[in-house]
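For reference, the structure is listed below as C-alpha cells.
The values are calculated or read from the model by the stated rules, or taken from the named source; none is laboratory data. It should be emphasised that the depicted structure is a prediction, and the values quoted were computed from it without experimental measurement. Please note: Cβ atoms are built from the backbone with ideal geometry, for glycine as well, and neighbour counts cover all protein chains shown. These area figures cover heavy atoms from the full protein model, side chains too; ligands, DNA and RNA do not enter into them. Shrake-Rupley method; radii C 1.70, N 1.55, O 1.52, S 1.80 Å.
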Amino acid sequence: MLLLCPWGPSADQASSSGCHAHGQCLAQRAQHTNCTASLIRPAVRSRPSRNRRRVQATTRCADFPRPNLEGTTSFENAAALSAELYGAPRPERPLRIVIAGAGLAGLSTAVYLAAAGHHPIVLESNPYLGGKVGAFKDEEGDTYEVGLHIIFGAYPNFQNLVKELGIEDRLQWKSHSMIFAMPDSPGQFSRFDFPESLPAPLNGVWAILRNNEMLTWPEKIQFALGLLPAMVFGQSYVEKQDSLTVTDWMKKQNVPERVNEEVFIAMAKALNFIDPHELSMQVVLIALNRFLQEKHGSKMAFLDGNYPERMCAPMAEYFSQRGGEVRVNSRLQRIDLNSDGTVQSFRLADGSTVEGDIYISAMPVDIVKKLVPARWADMPYFSRLEKLVGVPVINVHIWFDRKLSTVDHLLFSRSPLLSVYADMSVTSREHADPNRSMLEMVFAPAEGWIGRSDQDIIDASLRELERLFPNEIRQDGSMAKVRKWKVVKTPRSVYKTVPDCEPCRPPQRSPISNFYMVGDYTKQKYLASMEGALLSGKLGAKAIVEDWNTSKPSTAGRRPSQPETKGADVIPATLSRLQPE
Ligand SMILES: Cc1cc2nc3c(=O)[nH]c(=O)nc-3n(C[C@H](O)[C@H](O)[C@H](O)COP(=O)(O)OP(=O)(O)OC[C@H]3O[C@@H](n4cnc5c(N)ncnc54)[C@H](O)[C@@H]3O)c2cc1C
C-alpha cells in the first residue's frame, strides 16, 4: 500500500528539491493544519460533465465535449509507443529500477516500466507527488498549486495516458478559442475562435483572419509572410531558428514591432515565463506548428482537481499494483559508483542506500547538475547540462468575496507582470463556487520579483487586476474584497529556453550503462511541458526495454562499463545492450 501526504512539505524536502515553491509553502507551514498522511485512493471515475452547452462567457462550469483525437497521427503514434511497452516480452526476472523524482516524468517512467513487466522504486524528496504539478491545501481545505496547468489537444502522450488509466473524464475541455485581455480596452477580451467545421490549418487561419481587434490586415499579412519559410521548409527551418531570439527573428523577417506587443509578449510569457528578447524563436515555431497542424492541437482542458490526487495518484497506483512502489520523503543525496564508474546505489539524505539493476534520474536539471559524480562531470553528456538553467516563476491565487465577470477558459492577461490566468471557480470542478471567484495567475517574468515579499507580489497583482477588471476590482478594496491569497514561488522551474539550448538537452540514454535521465528538459519534441515530461518517461522506459534483454533468463549481471574518456558521449547501441550470460 502506498502512502503519501499531498499537502505541505517539510523544511528538509524544501531545500532538497531546490524549489522554493516548497520553501514558500514552508513559510506558510503553520497554516498546513490538515497535513496528514492519506492513503492513495483507487482511480475513481468522476461523473461526466452535466452541461455541455456552448457558452461564450459564463460564470458557470460548462465543459465542451472531448475532441475526437483518435485517428490523428500524433495520437496514434503515442498509442503505438504505449502498446510497444505494454506488449514488451515479459522478463524472466523483473528488473529492479530505482528512479529519483516523482514528478510527471518519474511517474511516467515508472508506469511504463511496470507496464513492461519491471519493478520501479520511485524515490521522492517531497512528502507529496507531482513536483511542478504539486499542490497544497490551506487551513480551510482550499487547494493551491505550484503552477496553473493547461492540457492541450496537442498532447498525445498525455491524452493516451489518461485513457490508459481510465481517467480521461477528469479533463474539462473548454471552447476551442484563445482569449486575450485588451490592455487598451480594460475589461474587454479579444477571441480567436477555431471553427469546428474546418480542418487544420484552415481552422487556425480562419481564427486569425476573423480577429481584427489585435492585428490590422497589413500586420497580419506581414506576420504571415514572416512565417512563410517555416511553412515551406518545415522542421529543418524550425530547428535553425534556435540560435535566434524571438525579437531577432522578428527583425530578420521584417515583422512589425506591434506584432510583438500584441502577440509575442503574451506567447513568450505563457510558453517559458520570459520575454521575447530572451526566448528562442524555435520554441514559438514548435508551438505554432503543433497548433496549426493538428485540428484540436490548441484546444485546451483543465484537470478537474489537483494533480497529486487526480493524476499522480492513479499513476502511482498503477505501478504499485504491479510490484513497484513510491517512497516519499526520500531525498537522493549522492550517487555511489562502482569501480568501473557505473552506479552502485542511490544514497539518501538519511544515510540509507537503495540498490537496483538500473538507476534513473527524474529530478529537475538544476538538481541533477549538483548530483553528477565528479567522475562523470567531464563527459559532454553531463557537462552540457550547465547551459540549462531553471527560470523563476510565481503562481498567485486570490480568493474574492464575489463572482467576477470572467470567462470559463484560460485568459492571456497581456499585462506587464501577469502572464495567463483563470477563474478556477468556473474552470475546474474542485474549485467550483457559484458565488465567489478564485483567480489563479502565473506571475512572469519573475526574475526581479522572486526575492520580494508575498505582500509586494499580491499588491502588484492587484494593481494589474484593477486594470483587467476596472468595474469590479480596486486595489484599495472598495469593490470586490480579497478573502485570502496564496503565493507560490519557484526560483528554478522549467529550463529557460534561451537560444542554443537544444544541443544541450540530453537523450534519455546516458553514457553510463546503468544510468538514464528523464524529465521535461531531456530530449523530446514537446519542449518543457507536462507532455514533454510524460514523453521523456516513456522514451526512458523504451530505452531500458531495448537495452536490457529482459526476456533472457538472468539480468543479474550489470552491462559492461563504458569508457569515461572526455568526449565519450553516447555509447554504441551494441555496447548498451545487456550481454546474455
Ligand atoms: C507555474 C508553472 C506553470 C506551468 N504551466 C504548464 C502548463 O500550463 N502546461 C504544461 O504542459 N506545462 C506547464 N508547466 C510545466 C510542467 O509543470 C513541467 O514541465 C512538468 O511538470 C515537469 O515534470 P518533470 O517530472 O520533468 O519535473 P518535476 O515536476 O520538477 O519533477 C522532479 C521531481 O524530482 C523531485 N526531486 C528533486 N530533487 C530530488 C532528490 N534529490 N531526490 C529525490 N527527488 C527529488 C522533485 O521534488 C520533483 O517531484 C508549468 C510549470 C510551472 C512551474
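Remarks
- Hypothetical label at Arg467: residues of segment 269-294 whose amide nitrogen lies under 19 Å (7 Å Cα-Cβ projection): 269-271, 273-277
- Compared with the direct C-alpha span, the chain from Ser352 to Asn212 gains 44.1 nm at full extension, assuming 0.36 nm per residue.
- Residues of segment 201-293: accessible area per residue with a 1.4 Å probe, Å²: 47 Å²
- Annotation: extensible slack from Ile221 through Arg327 equals 32.7 nm (criterion: 0.36 nm per residue apart, minus Cα-Cα distance).
- Carbon-plus-sulfur accessible fraction, segment 201-293 (probe radius 1.4 Å, protein heavy atoms only): 64%.
- Take Thr247: with every protein chain present and a 1.4 Å probe, its accessible area is about 30 Å².
- Size of segment 405-556: Rg and Dmax of its alpha carbons, in Å, are 21.9, 74.
- Calculated FRET value between Asp193 and Leu371, using beta carbons and R₀ = 51 Å, to 0.05: 0.60
- Computed over segment 201-293: relative contact order in percent, which uses C-alpha pairs under 8 Å that are six or more apart: 34 percent
- Sequence ranges 140-152, 197-209, ranked by mean other-Cβ count within 10 angstrom, highest first: 140-152, 197-209
- Projected-area mean, segment 201-293, by convex hull of Cα positions, square nanometres: 5.4 nm²
- Counting 0.36 nm for each residue step from Glu139 to Lys481 and taking away their Cα separation leaves a gain of 121.2 nm.
- Pairs over the 24 Å Cα-Cα cut-off, from the set Lys132/Lys370; Lys137/Lys489; Lys220/Lys523; Lys295/Lys525: Lys220/Lys523.
- Here the simple spin-label model places points 7 Å from the Cα toward Cβ, and for Arg402 and Val232 these points are separated by 5.6 nm.
- Accessible area (Å², per residue) of segment 393-522, counting only protein heavy atoms and a probe of 1.4 Å: 31 Å²
- Computed over protein heavy atoms with a 1.4 Å probe, the carbon and sulfur contribution to the accessible area of segment 496-537 reaches 63%.
- Estimated FRET transfer efficiency (Asp184, Glu92; beta-carbon r; R0 60 Å; 0.05): 0.30
- Separation of alpha-carbon centers, segment 92-167 and segment 280-328, rounded to whole Å: 9 Å
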